1. Under 5 Å between amide H atoms, partner at least 5 residues away or on a different chain: which partners does Leu27 have, H built in plane at 1.01 Å?
2. With only alpha-carbon pairs counted, each pair once and no self-pairs, how large is the Kirkwood hydrodynamic radius of segment 48-116 in angstroms?
3. Multiply the residue gap between Ala213 and Ala2 by 0.36 nm, knock off their C-alpha separation, and tell me the result in nm, one decimal place.
4. What list of ³J(HN,Hα) values in whole Hz, one per residue of segment 101-109 in order, does the Karplus curve 6.51 cos²θ - 1.76 cosθ + 1.60 (θ = phi - 60°) give from phi, with Gly and Pro shown as x?
5. I need the peptides 208-220, 188-200 ranked by packing, meaning the mean over residues of other C-beta atoms within 10 angstrom, with the highest value on top.
6. Note the full-extension length gain between Lys140 and Ala88 as 0.36 nm times their separation in residues minus their Cα-Cα distance, in nm to one decimal.
7. Tally Lys/Arg at +1 and Asp/Glu at -1 over every other residue whose Cβ is under 10 Å from the Cβ of Phe152; what's the total?
8. In straight Cα distance, which lysines are under 19 Å from Lys124, not counting same-chain residues fewer than 8 positions off?
Amino acid sequence: MANLTVSLPERQRTITGSGDLTLVEGLSLDIRPGERLALVGESGSGKSLTARSILQLDPALKLEGSITWKGCELLGASRRVLQKVRGAEISMIFQDPMTALNPVLTIGEQVAEPLLVRGVPRRKAYARAVEMLDRLGVPKAKERMRAYPGQFSGGMRQRVVMAAALVAQPQLLIADEPTTALDVRVQEQVLDLLEEQSRELNLAVLFITHDLAIVAGLAQRVAVMFRGRLVEEKPVDELFDHPDHPYTQGLIGSIPRIDLDPDTRLTTVEDYLVLQGGAHHE
Ligand SMILES: Nc1ncnc2c1ncn2[C@@H]1O[C@H](COP(=O)(O)OP(=O)(O)OP(=O)(O)O)[C@@H](O)[C@H]1O
């Protein structure tokens, strides 16, 4: 995407204020086939909006700039083109596996659905769904196809959500805080699975998180957002070794580390912003 700006048009604003409200400004970001890119930043910095804009999931918002996918401009593309891309070429998983699944449909129906809507015959779609669940570590996948989401734990549901997102073999998976609602051990399993699938399927992953600590093992490159703008973007090791932006320095300083003296006070983002005289590169 190049120079992407997302704003809330004046007529949609519910609180006082005039003019369009800019939420994301001038953002340029590329992701290569098979690459894992983490988009980090504090809550409200515009990460989700940026990701959702790729598939244009918020019709009320005004998008400007350019979003190219395999040489084709998605901004302003027809519904037909967007439907073809959504779910099949680019799919998305969200934070809460509890609400992402429909409680009254079986696991099998939901994992096979992306194939069924694309005309894959039922028997074949179900076989692929079992294969995908199995691959993502759902035990007794074939029997579990007839189960309902309520019979699954949070971690298992997120595996089911991932299976549904990956069954149609997309080339890009957008994962918006997919592990935030899970406990730490399950978080690690889901992150490992994501990395493994990305390697095996040459799947590009745009991983959104406010937690810089978990990106080190997963992402190759990190883009940092701050107040609606992209402030830094580098390979993951470089970012940890030489963070440029005060906000990134604060984020890195606030990660607990095993090699630090227990009495060392962790820094916060605010420390760095104060040290820099409150400059935000705005
Ligand atoms: N559909 C919308 N209409 C109007 N404003 C929105 C909409 N979606 C998000 N916003 C606002 O845009 C800003 C950025 O939101 P966004 O959800 O992208 O942040 P985020 O960085 O993903 O944070 P979080 O980690 O909390 O999800 C926030 O101030 C939010 O209130």
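Where a number appears in this text, it was derived from the coordinates with a stated rule and is not lab data. Please read these numbers as outputs of a predicted model, since none were measured by experiment. Reconstructed Cβ throughout: ideal geometry from the backbone, glycine too, with neighbour counts over all protein chains shown.
1. For Leu27, whose amide H was placed from the backbone, the distant partners under 5 Å are Asn3, Leu4, Thr5.
2. One over the average 1/r among Cα pairs gives 13.9 Å for segment 48-116.
3. Going from the current span to full extension adds 73.2 nm.
4. With coefficients 6.51, -1.76 and 1.60, one gets 9, 7, x, 9, 10, 5, 4, x, 4 Hz.
5. Numbers: 208-220: 18.8, 188-200: 16.5.
In descending order of packing, they fall as 208-220, 188-200.
6. On the way: separation 52, 0.36 × 52 = 18.72 nm, distance 2.60 nm.
Full extension of this stretch gives 16.1 nm more.
7. On the way: positive: Arg144, Arg157, Arg159; negative: none.
Net charge in that neighbourhood comes out at +3.
8. Hits, sequence-local ones excluded: Lys140, Lys142.
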